[in-house]
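Take a look at the structure below.
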C-alpha cells in the first residue's frame, strides 16, 4: 500500500474553523490526487492507525476507485450548530436557511442550562415547523440521559444522537424516554454495526463515509438497515463531503435531512466552489481543488510531515 501512495500526489492542508468543534480549532487533511479524482484523508488527531485505516480506504476509493453516478441532483441537509453561545447558535441557523438543525450539547465544561439555552435559541430561529435534533457524542450516563432528554423534550426534538455509550444503555433509554434515538458511534466503532438495531436500541442510524471505510461500505450497510439512515460528515473539506453526498444520493428513501452541511463551519476550503447548502439543499457535484488554495492552506513543514506520517501509518495497517 505504501508503494501505491508513492504513485499518487499528496497535498496536506490545515484550515481554521469558524468555531471550536470536537475540541479542535483547525481541520487537517491530506488530499490525495489519483487516477479517478481527488480523495480526502482527515481522521481526527487522537485516532490511532487501527482506526484511521478506514479513513484511508475511503480516500483511496475516491482517488483510485470506480464510483457510481449520483441518482439525485441535490440532497437535503441540516445546519450543524457547535457548542456556542445562544446568540451565535441563532445566527448560524438563520444564516444557513436550513429548516433542520443539529445542535451539539454535553460539551466538556458546559452545563445543562447552557445546553438548554442553546437548544432554545435554535428552536426560536427554526420556528415551530423546523426540525431540531441534538448530538451528545455518547457523553451521558443512563440516568443523566433520562433527566436531560426529559428537560429538552419541550423543544420537540426530532431525535437525540448517541446520548449514551453502550447498546444496553441505549436500549434502556429508548424504553424510558419518548425522544427518538439515533446511533452514531455504536455503528461506526462496532464490528457488528447493526447490533444496535437488532437489540431495539435505536430508531435511526447515522452513517459516515470516511469513518466507515468508503461509499460502497456505507451503501451496503444502508441496504441491510431496517430503519432510516442519515448520511453525515466527519467535518471534511468539500473533497471529502462529496463522498457523503454521493452516498446520500444513492439511497432511495431519505426521510431525514443529512448531516453534510458542515463545510460552512470552516474558515475556508480547497475549492473555489465549496459545497455550501442553499436553503437546506446541497447540490450533488464533485468539486475540483484549486492549486492556489492548496498552497494557501498548506501547513508548515513539520506539520505537513506529521500528517503524511499518519497517512503512511494507516497505509501500513491497511496493507
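The values are calculated or read from the model by the stated rules, or taken from the named source; none is laboratory data. It should be emphasised that the depicted structure is a prediction, and the values quoted were computed from it without experimental measurement. Cβ atoms come from the backbone with ideal geometry, glycine included; neighbour counts cover every protein chain shown.
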In segment 107-124, how many are farther than 20 Å from residue 182 by Cα and surrounded by fewer than 22 Cβ atoms within 10 Å (Cβ to Cβ)? 10
Scan segment 129-149 residue by residue and report those that are more than 20 Å from residue 196 (Cα to Cα) and in contact (Cβ under 8 Å) with a residue 12 or more places away in the chain. 129, 130, 131, 132, 148
Residues of segment 108-120 satisfying the condition of being free of Cβ contacts under 8 Å to residues at least 40 places away in the same chain and out of contact with any strand residue (DSSP E or B) (no Cβ under 9 Å at 6 or more places or on another chain): 109, 110, 111, 112, 113, 114, 116, 117, 120
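Residues are listed down the side, and each one gets a yes or a no for (1) touching a residue at least 40 places away in the same chain (Cβ under 8 Å); (2) over 22 Å from the mean Cα position of the chain (by Cα); (3) in the same structural domain as residue 32 (by TED's automatic domain parsing):
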| site | (1), (2), (3) |
| --- | --- |
| 264 | yes, no, no |
| 267 | yes, no, no |
| 273 | no, no, no |
| 277 | yes, no, no |
| 297 | yes, no, yes |
| 300 | no, yes, yes |
| 304 | yes, yes, yes |
| 307 | yes, no, yes |
| 313 | yes, yes, yes |
Meets criteria (touching a helix residue (DSSP H, G or I) at 6+ places or on another chain (Cβ under 6 Å), modelled with pLDDT of 95 or more and surrounded by 21 or more Cβ atoms within 10 Å (Cβ to Cβ)) for residue 270: yes
Hits in segment 269-319 - residues which are under 25 Å from residue 100 (Cβ atoms) and in a loop (DSSP other than H, G, I, E, B): 269, 273, 274, 275, 276, 277, 279, 280, 284, 285, 286, 287
Of 141, 135, the only residue that is in contact with a strand residue (DSSP E or B) (Cβ under 9 Å, 6 or more places away or on another chain), in the same structural domain as residue 87 (by TED's automatic domain parsing) and at pLDDT 95 or above is 135
